[in-house]
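Rule-based calculations on the coordinates, nothing more; no lab input. If you're wondering where the values come from, they're calculated on a predicted model, not measured in any experiment. Every residue, glycine as well, gets a Cβ built from its backbone with ideal geometry; the counts of neighbours run over all protein chains shown.
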Amino acid sequence: MERESMEFDVLIVGGGPSGLSAAIKMKQLASDAGQDLSVCLIEKGSEVGAHILSGAVLEPRALNELIPDWQEKGAPLDTAVTNDKFMFLTESGQMRLPTPPQMNNHGNYIISLGNFCRWLGEQAEAMGVEVYPGFAAAEVLFNDDGSVRGVAVGDMGIGKDGEPTDAFMPGMDLLAKQTIFAEGCRGHLTKGLFDTFNLREGKDPQTFAIGIKELWDIEPEKSKPGTVWHSVGWPLSTDTYGGSFLYHLNGNQVAVGYVVGLDYSNPHLSPFEEFQRFKTHPAVRSVFEGGRRVSYGARALNEGGFQSIPKLTFPGGCLVGCTAGFLNVPKIKGTHTAMKSGMLAAEAVFDLLNDEAATATEPVEYAAKIESSWLWSELYKVRNIRPAFAKGLWMGMGYAALDTYLLRGRAPWTFHHHADHTCLKPAAEAPKIEYPKPDNVVSFDRNSSVYLSGTNHEENQPVHLTLKDTSVPIEHNLALYDSPEQRYCPAGVYEIVRNDDGSDPRLQINAQNCVHCKTCDIKDPTQNIRWVTPEGGGGPNYPNM
C-alpha cells in the first residue's frame, strides 16, 4: 500500500521543551521577516506533555528570552522557590550541608514540566505550528545524496505477528527541508543518526541516570510551598551516584523522586527499590504519612554533560535538547538549556533556509551559535563534577567543592566517562541487597506504581522491546549478572519465569507495562535490548508530572 506524504519547510520530532521552543522561535523569526514558513511538530504521546516527566525546578532564563511576556500569557509557573535545603542522610538521621551555588534556586520556579510543555504547545499552535500528537516517528528518511529528508510515522494496526489487522492504517511520510530531532534522552532515531553520520566520533560516551518520580497530595499542615529539598547518602552506598529531590508545590502537593546514576556496578541494585526505601526515612516518611500518592513515572536522563555532546548537525537537520545531552548535572536542571538549544537551532535553520547562495543542507551555524552561548559556557564550567563521582561520594563531593570554589570551573584538565553498560560486576562479586517489602503507606510495588502512570499500549502489536539475540538473557545476563533487567526496569517489564519445578528459565517481556524510560536500552550489559517506538499514542499518560 502506498504511503501518503506531507511536506513542510521544517519538521520537528518531539514535543518536549526543546522541540516546542524551536517551533515557537521558528515562527517568531518567520513573522518578523514577513514570511509564511510551514512548521510541523510531531509527538509520540497521546497529547503534548503525556510523556514528559521531570522534577522540576525551572530556571526561567531561556523562557524570558523566548516569551518575555510569559506571565501575561499564563505560563504555569505558580510556585516560586522560597527555600533551599541540601541534606546528607544516614539510615535514621540527617545533616544539613552547605547548598552548592549551582543549586541556589533563587528566582526559579517549581513546576510540572508536562503542564509547562502543554502550555508551550498552545503557544506554538497559536503561532501557526502544526502540532500532531500520537504521531510516532519510526524511521528516518533520506534523500539520494544521503541527507535527511524527514521521517516515516509508524503504521497503526500491525498485529503481534507482524501482519496487518482489520484496524490497519499506514503511517505517513513527513518530509521537510530541515528536520530537527528533539526526541529526548536516548532518542531511538537519534541513535541511528549517531551511526549514520558518525556524530559521536571523538566524543566521550554519554552517561545516564534513571529518575523515578511520584506526585503526592499531602496533609495541608505539612505543605510548605516553595521548599526545595535535595539529599545524598542513604539509602545508596557511597560508591553509587545518586540522590533525592522533594519539592513542595502549591495546592498541598509534593513532587518526590530519586535519581540513580546508571554507571552503578552492583547488578543486585534496584533503583525502584532504592526510591521506595528512601521514603521510609523518618524525615521523609513524616511528610507523606496521611497523604495519597496520585501519580508515578520514570525517565532516563543524560549526565555526560560537556564532554559527551555529539556533533550536533548533519545534512538535512540537527539535534536539540536531551537527545543531544545538554543537562547541567550540578544544577539538576536541563529545561533551560534544552529550550536554549531549540531556539539556537531555529535561528540557524531559518538563516540556512533564507540563504539563497547556500549549496549545502547542513545547518552548521547551529554548532557555532551553541559554542558562543551561555549554554556552552555553563556546561563547560561544571564538566568535571559528575565524572569526579566515579571515585565515590566523598571524593566526588570533595572535588566538586575544589572545582567550584577554588578552580571555578577553569581546571586545565577534563575528566572522562565510561559507557554505563560496561560498569556491572558479575553478580557473584557484588554484595546482595535485601530490600524491605512495601508497606503500602509510603512504599509500594511496581504494578501499583505503573497503574498510576496511566500507561497503556495496544496489546495486539509487535513487542517494541526487541532482542538482537534471544539466547543472551539466559545464557549471559542470568548466568553472569542474575538478570539485572528485572531490577533496573522501574515498571516490571522484564521477568524471568520458570516451570513449576524451577527449570527452564526464560525472559518474559511485559511490554504493555513500559513507561518509555529507555533504561533497558542503556544499561543492558551487551546492548542486546533495543527500544523501538510502539504505536503512536501508547505509553504513559502523565498528569501534572
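As a footprinting exposure proxy, order His476, His336, His417, His106 by other Cβ within 10 Å, with the fewest listed first.
Exposure proxy ranking, most exposed first: His106, His476, His417, His336.
Amide H of Val294: which non-local residues (sequence gap of 5 or more, or other chain) have their own amide H closer than 5 Å, using H built in the peptide plane?
Amide H to amide H, under 5 Å and 5 or more residues apart or across chains, Val294 pairs with Leu215, Trp216, Asp217.
Give the order of Arg118, Arg530, Arg292 when sorted by the count of other beta carbons within 10 angstrom, beginning with the fewest.
Working: Arg118 19, Arg530 15, Arg292 10.
So the residues, fewest neighbours to most, are Arg292, Arg530, Arg118.
Quick check: from the Cα gyration tensor, does the range 1-98 come out rounded (a/c under 1.5), prolate or oblate?
oblate
Tell me the net charge near Ser372. Cut-off is 14 Å between Cβ atoms, Ser372 excluded, with +1 for each Lys or Arg and -1 for each Asp or Glu.
Values: positive: Lys340, Lys369; negative: Glu347, Glu365, Glu371, Glu378.
Here the charged neighbours net out to -2.
Checking the a/c ratio against 1.5 first, then a/b against b/c, what shape does the Cα gyration tensor give for the range 439-495?
oblate
Can you give me the Cα centroid spacing of the range 54-132 and the range 505-540 in angstrom?
With the range 54-132 and the range 505-540 each reduced to a Cα centre, they are spaced 29 Å.
I'd like the distance between the alpha-carbon centres of the range 403-431 and the range 153-213, rounded to an integer number of Å.
So the separation of the two Cα centres works out to 29 Å.
Could you give the length gained by full extension between Tyr451 and Asp351, i.e. 0.36 nm per residue of separation minus their alpha carbon distance, to one decimal place?
Extending this stretch completely gives an extra 31.4 nm.
How are the Cα pair distances of the range 348-444 distributed, in percent, across 10 Å bins from 0?
Going from the shortest bin to the longest, the percentages are 12, 22, 21, 22, 16, 6, 2.
By its C-alpha gyration tensor, with a ≥ b ≥ c as the square roots of the eigenvalues, how is the range 248-313 shaped: rounded for a/c under 1.5, else prolate for a/b larger than b/c, else oblate?
oblate
Please get the size of the charge dipole for the range 420-545, origin at its Cα centre, with Cβ charges of +1 on Lys and Arg and -1 on Asp and Glu, quoted in debye to the nearest 20. It would help to have the intermediate numbers written out before the result.
Working: 11 positive and 18 negative charges, 65 e Å.
Dipole of the range 420-545, to the nearest 20 debye: 320 debye.
Mind listing which GluC sites (Glu not before Pro) in the range 190-243 are in a DSSP loop and have 12 or fewer other Cβ atoms within 10 Å?
Glu201
Along the positive direction of the dipole of the range 393-479 (beta-carbon charges: Lys, Arg +1; Asp, Glu -1; about the Cα centre), which of Ile474, Pro438, Ala427 reaches farthest?
Toward the positive end, the furthest listed residue is Ala427.
About the Cα centre of the range 178-226, how large is the charge dipole given +1 on each Lys and Arg Cβ and -1 on each Asp and Glu Cβ? Please answer in debye to the nearest 20.
On the way: 7 positive and 8 negative charges, 34 e Å.
In total the dipole reaches around 160 debye.
Could you list Thr466, Thr422 in order of exposure, starting from the residue whose Cβ has the fewest other Cβ atoms within 10 Å? Walk me through the intermediate numbers first.
Values: Thr466 14, Thr422 10.
Listing Thr466, Thr422 from fewest to most nearby Cβ atoms yields Thr422, Thr466.
If I take R0 = 51 Å and measure r between the Cβ atoms of Val364 and Asp469 in this structure, what FRET efficiency does the formula 1/(1 + (r/R0)^6) give, to the nearest 0.05? Write out the running numbers ahead of the final one.
Values: r = 39 Å, r/R0 = 0.76.
It comes out at approximately 0.85.
Multiply the residue gap between Thr238 and Glu163 by 0.36 nm, knock off their C-alpha separation, and tell me the result in nm, one decimal place.
Taking Thr238 through Glu163 to full extension adds about 22.0 nm, to one decimal.
Report the local net charge at Phe142: Lys and Arg +1, Asp and Glu -1, summed over other residues whose C-beta lies under 12 Å from its C-beta.
-3
With mean projected area of the Cα convex hull in nm² in mind, check (1) 78.9; (2) 27.4; (3) 25.8 and report the label derived from this structure.
(3)
Using the Cβ atoms and a cut-off under 10 Å, what net charge is assigned to the surroundings of Asp9, where Lys and Arg are +1 and Asp and Glu are -1?
Values: positive: Lys177; negative: Glu7, Asp36.
Net local charge, Asp9 excluded: -1.
Would you calculate a helix-derived [θ] at 222 nm for the chain, using -39,500 (n - 2.57) for each DSSP H run of n ≥ 4 and dividing by the full residue count, to the nearest 500?
Helix contribution divided over all residues of the chain: -6000 deg cm²/dmol.
Going toward the positive end of the dipole of the chain, with +1 on Lys and Arg Cβ and -1 on Asp and Glu Cβ, which of Met87, Pro170, Ile332 do you reach last?
Value computed over the given set: Met87.
Restricting the count to DSSP beta bridges whose residues both fall in the chain, what percent are antiparallel, rounded to a multiple of 5?
70 percent
Output the relative contact order of the range 287-440, whole-number percent, from Cα pairs under 8 angstrom with separation of 6+ residues. Before the final figure, lay out each step's value.
On the way: 146 pairs, mean separation 29.6, N = 154.
Taking the mean separation of contacting Cα pairs over the length of the range 287-440, I get 19 percent.
For His106 and Lys203, what is the calculated FRET efficiency with R₀ set at 45 Å and r taken between the beta-carbons, to the nearest 0.05?
0.85
Give the peptides 17-23, 493-499 in descending order of average Cβ contacts within 10 Å, highest first.
The packing order, highest mean first, is 17-23, 493-499.
To the nearest 20 debye, what is the magnitude of the charge dipole of the chain about its Cα centre, counting +1 on the Cβ of each Lys and Arg and -1 on the Cβ of each Asp and Glu?
For the chain, the charge dipole is close to 2260 debye.
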